[in-house]
Every structure is written in C-alpha cells, then in structure tokens.
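What follows is a short report on a single structure.
The values are calculated or read from the model by the stated rules, or taken from the named source; none is laboratory data. These numbers were taken from a predicted model, which means no experiment stands behind them. Note that each Cβ is placed from the backbone with ideal geometry, even for glycine, and that neighbours are counted across all protein chains shown. Surface accessibility is based on the protein's heavy atoms, side chains included, excluding ligands, DNA and RNA. Shrake-Rupley method; radii C 1.70, N 1.55, O 1.52, S 1.80 Å.
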Amino acid sequence: MQEVSAQPGVVPELKPKSYKSSSELKKRLWRNKLLYVMLLPGVLYFVIFKYLPMYGLIISFQDYKPYQGITGSEWVGIEHFQRLFTEPDFLNILGNTLILFGMNILFYFPIPIILALMLNELRGTFFKRTFQTLIYLPHFMSWVIVVSISFVMTTMDGGIINELLSYFGFEKINFLLSPGWFRPMYIIQIIWREAGWGTIIYLASIAAIDPGLYEAARMDGAGRLRQIWHITLPAIRGVIVTLLILKIGSVLDLGFEHVYLLLNSMNREVAEIIDTYVYTAGLRQGHFSYSTAIGFFKSIIGLIMVMSVNKLSKKMGEEGVY
C-alpha cells in the first residue's frame, strides 16, 4: 500500500505506507485473513518438504551411519565430493546428463509454444477442446506405461514399427538395446507425454492478450502469421523467458524413473545419468552420504544456473523470475 501527498499544484509523491502501531498491522492481517489461510498450505508444503530436509545435507560431509545418526556420525569434510569428481565415469555421466538436457531445451521446449499457437488459431470450439483433451491425456500416464507402450511398439518380436520396416524391405532395428537409439526414444517419449500439458500456461497467457490488438492488426492488413509474430509472441515472451529460466535450473535434474526404465546393460554408456548413478552407486550400496553429496552438487549447479540466466535475462530487458 502507498500514500499519496495531495497538495494543490504539486505532483503527487508516492510514499511507502508505514504502520504506526502493531495494532494497525494486526487489523490489516485480520482483514485479509482468508488470503493468508489460502496461502498457508503452500507455505507448509515448502517448509516441510523443501526447507526442513535441508538439515539432512549435513550427512554429505559425514560418513553417515544410520545407527549412529547425524549427530554421532564421523565428520569427513569434502571427501565424498572428491570421490565424485575423481570417479572414472564422472565425466561420461555428466556428459550424458548435459546432452539429454540440451535435447530437452532444443527439441522439447519449443513444442508446447508451437502447439499453443496452433490451438489459439483454431476457431471451432468443439474441435479445439477435443484436441486439447487428446494432447493432455498422456501427461496422466506414468512413465512405466509410456515406456511399456514404446516397448510393445519397438520390440523385435512383433513390434509394429519393426514389422513395418520388414514389410518395406528394411532390416529390423533393436531400438531397446541400441545405444544410438536411446536418446531419440527418450526425447520422443518426453514430447509425446508432456508437450500437450505444457501448453496450458502459454494458452492462459495468450488468452490475456487484448483482442483489440488483433483487430487493429487485421485492419492494417496483417495476416495470421504476422499477428502471431508481432502480437502473440511478444505478449508471451515474458512467460517463455521465465519458464526457460526455471527449466535451465533443472540442468542436472532430469528425473530418475524415465531414464531408469530405458536403461540396460547395452546402452548404459550413453544412458547413465547423475540421477540413475545416485541410485546404482549410492543408495543400492547404502552410501547415503555419497548420494547426498551428489544431490547437493546438483542443487548448487541448478542454483548457479538460475541466478546466471536470470541476470542475463534482465540485461536483455526481460523481468526474470526475481
């Protein structure tokens, strides 16, 4: 809230409103009590599941033993971080993670934007809603179902894709065991499952654009492509930048389940990422401190990336995320 000084002939000066007493602040809080009640579940979620678990990061500097607890475990400093950086497979695992993330940014990230622009151009309400429903549905399928569908379609023994290749005179391809096909299958599955769901935010932003802008553009002779380029895309540019910054923040956090379901002994060289490495080399062997150190490393990199990209976006004239 702000106060305005109202003197004749003087430009009003905006001053921050100050509360002269705690009772006034209490009255304001009570007046907006319903808003704070609505805010409470979100605050509790972040406190319980995001902030309180940070206490457990201490074990990344300890030789943690469950029966000794956090307070009783031996302090080893940065030993687990040294082990991570000197691991023979560390560069390969880091490279695989960065390559998959780069494919996410390059191939997946633009798809929801393009789909949202296409949906916005549809004029038939029934067809538009039907198409939206169809592209939203895959998001509600678990990765187990998505990978299972891919398995049935690409298997060498009766898979529809290999049967079509054989029918047209091509050799069958072992998609599931071939290292060269792991990354294309990974990104195709992500696009199929998440692209439709990702259009929701963009469609909401497009809906907030003043229709008068499109009307004025049409009067000036602008076609649909011109309207998209000069009105729609500039209007949702801020949303695109914000989501891109948040996406870059998860540069090393690709998710465990999807990759683990595609991982096997034949494609491990290109499929092993940090998330699956934490499970195979850390948790399965009971190395809780080592696993926590890897997670800590991922979080620090994500924080640095978000801050760096956010600062860069502000220099380019965008608002950023904070």
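Here are a few things to note about the model shown:
- Using the alpha-carbon positions of region 91-215, Rg (one decimal) and Dmax (whole number) come out as 18.4, 57 Å.
- Within the accessible area of the chain (1.4 Å probe), percent carbon and sulfur: 67 percent
- Full extension of the chain segment joining Lys311 with Lys172 gains 45.1 nm, where the gain is 0.36 nm per residue of separation less the Cα-Cα distance.
- Surface accessible to a 1.4 Å probe, Glu215 within the full protein complex, Å²: 90 Å²
- Cα pair distances of region 235-321 binned at 5 Å [whole percent]: 3, 14, 18, 16, 15, 12, 10, 7, 4, 1, 0
- Using a probe of 1.4 angstrom and keeping all protein chains present, the accessible surface of the chain works out to 64 square angstrom per residue.
- Rh (Kirkwood; distinct C-alpha pairs) - region 159-315, Å: 19.8 Å
- Both radii were evaluated on the Cα set of region 104-147; the Rg over Rh quotient, with Rh as the Kirkwood radius, amounts to 1.06.
- The value given for the chain is a Kirkwood hydrodynamic radius of 24.6 Å, derived from the mean inverse Cα-Cα separation.
- Each Lys or Arg adds one and each Asp or Glu subtracts one; over the other residues with Cβ under 11 Å from the Cβ of Asp253, this totals +1.
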